[in-house]
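Below is one structure; the comments refer to it alone.
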Amino acid sequence: MTIGILGGGQLGYMLALAGYPLGLHFRFFDPSPEAPVGRIASRVTADFSDEAALEKFASGLELVTYEFENVPVEAVRYLAERVPVLPSAKALEVAQDRISEKTLFQELGIPTTEFEPVTGADALDSAVKKIGLPAILKTCRMGYDGKGQWHLRTPDDVARAKSELPAAQASPNRIPYILEKFVPFTRELSVIAVRSRTGETAVYPLVENHHRGGILRLSIAPAPHLDPAIQRSAEQAARAVFDELEYVGVLAIEFFEQNGRLLANEMAPRVHNSGHWTIEGALTSQFENHLRSVVGLPLGSTLAIGCSAMLNLIGETPDAAEVLAVRDAHLHLYGKAPRAGRKLGHVTLRASSSEQLASRLSELSSFFHRPEYCLDAILSRPASLRA
Ligand code: AMP
């Protein structure tokens, strides 16, 4: 059985690694000849608008899934006329636009921060009046890793953002920006859930995420000191999205925890960076469960094995021997050329208790003790792993 995957980055790479033991074969589609999956699977290198290339890609495939959420929906619709595509084009379409995503959350009774659509520079002042400061202005589409965002704390920040935005269009086809009320959150949490073709669902324990510069640096799973009511409300949110979209595959929803409740920030209709820990830290990884779900196989257990921490390797990689000298540390390198801000790999550390995890994290080499890894901040926090 050959599965087609749109996007050939590290998520696709780890999907294939999880699928080979299940006897699956893979074919990738990615516009870049440098895509990391080139090392391990066949691929079509072409633009997503190239219908002849999409046709060639689809030939003989059992089904298509994706690992990259900015695949043009038109390409997915074109493929869906030829071969099943899971999750559906509808799920992709909703997740590609921050306004439709937050509107869906609200329709499903999932709380979000307050937000206002912004058509362009001229519309910013009235949106700021409604939402107030501090706020975050974001591009509705194509933003990732904190790109396309303006933190607005003062009227000067608003004036600066206005000078960088194009004028508002009278009736744009798509609203280009969203203004969100800033959430003074206690922490960021995400849920990774999966629904299979047969309707079976499974949910991993919530993950605590730490970002710097808009990029995920460190995840801790299960999230320490978690109120079971919070886990339940995240599970309910995932199930509401599943039902509404007749969803098949892994779904990630990112939340802010504030005053003992969750506000949904965004969702990803795919395997997610905050689920990488599941490779060693759960009985079944998110990658294997995604494949099981789209193929229609029974799902695997999402139970966590002890405690895990996952650290992203951004822009450069540490000495492999130093990482692996720490007990129960696992290194994953994606085979990408180093570049500032690029995710080149990750390290997962496992332990049997949160105290042991804290002690193993503190043993990591000086590479990880730079401020951007957030490690020292977490280890010294009052409500940290050590509490
Ligand atoms: P996003 O691209 O929406 O995931 O935003 C990247 C990061 O910016 C988030 O993980 C948060 O750390 C921060 N952020 C985004 N939106 C908000 C918000 N409304 N309030 C506070 N922080 C935010």
Discussion item. Could you derive backbone 3J(HN,Hα) for the range 311-324 from the dihedral phi with the Karplus parameters 6.51, -1.76 and 1.60 (θ = phi - 60°), listing whole Hz in sequence and x where the residue is Gly or Pro?
Written reply: 10, 7, 9, 10, x, 8, 10, x, 5, 4, 5, 5, 5, 6
Worksheet item: Got a sec? What order do Lys90, Lys102 fall in by accessible area at 1.4 Å, biggest, i.e. largest, first?
Response: Lys90, Lys102
Practice prompt. Determine, from the Cβ-Cβ distance of Leu108 and Lys129 and an R0 of 41 Å, the FRET efficiency 1/(1 + (r/R0)^6), rounded to the nearest 0.05.
Written response: 0.90
Discussion item. Apply the Karplus curve 6.51 cos²θ - 1.76 cosθ + 1.60, θ = phi - 60°, to the phi angles in the range 271-278 and return the couplings in whole Hz, x for Gly and Pro.
Written reply: 4, 9, 4, 6, x, 5, 4, 5
Item to complete: Can you run the Rg to Rh ratio on the range 18-152? Use alpha carbon positions and the Kirkwood inverse-distance Rh.
Response: 1.07
Practice prompt. May I ask for the distance between the Cα centers of the range 1-55 and the range 210-273, given as a whole number of Å?
Written response: 27
Discussion item. Given a 1.4 angstrom probe, I'd like the percentage of the accessible area of the chain that is carbon and sulfur, rounded to a whole number.
Written reply: 50
Response to the item:
Per residue, the convex hull enclosing the alpha carbons of the chain has a volume in Å³ of 144
Worksheet entry | Solvent accessible area, Å² - Leu333, 1.4 Å probe, full protein context | 80
Discussion item. Could you sort the peptides 63-70, 292-299, 276-283 by per-residue average Cβ neighbour count (10 Å cutoff), highest mean leading?
Written reply: 276-283, 63-70, 292-299
Worksheet entry | Cross-link pairs Lys90/Lys162; Lys138/Lys336; Lys102/Lys336; Lys181/Lys336 - those with Cα-Cα distance over 30 Å | Lys90/Lys162; Lys102/Lys336; Lys181/Lys336
Fill in: For the chain, accessible area per residue (1.4 Å probe, heavy atoms of protein chains only), Å²
41
Practice prompt. Using the Cα centre as the reference, give the magnitude of the dipole from point charges on the C-beta atoms of the range 294-353 (Lys, Arg: +1; Asp, Glu: -1; all else neutral), rounded to the nearest 20 debye.
Written response: 220
Response to the item:
Using a 1.4 Å probe on heavy atoms of the protein chains only, the accessible area for Met1 in Å², nearest 10, reads 100
Worksheet item: So, with +1 on the Cβ of K and R and -1 on the Cβ of D and E, and no other charges, what is the size of the charge dipole of the chain about its Cα centre, to the nearest 20 debye?
Response: 360
Discussion item. Could you compute how much accessible surface Thr103 exposes when probed at 1.4 Å, giving the result in Å² to the nearest 10?
Written reply: 50
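The values are calculated or read from the model by the stated rules, or taken from the named source; none is laboratory data. All of these numbers come straight from a predicted model, not from anything done at the bench. A quick note on method: Cβ atoms are made from the backbone with ideal geometry, for glycine too, and the neighbour counts reach across all protein chains shown. The protein model used for the area step is the full one, side chains on, heavy atoms only, and it has no ligands, DNA or RNA in it. Shrake-Rupley method; radii C 1.70, N 1.55, O 1.52, S 1.80 Å.
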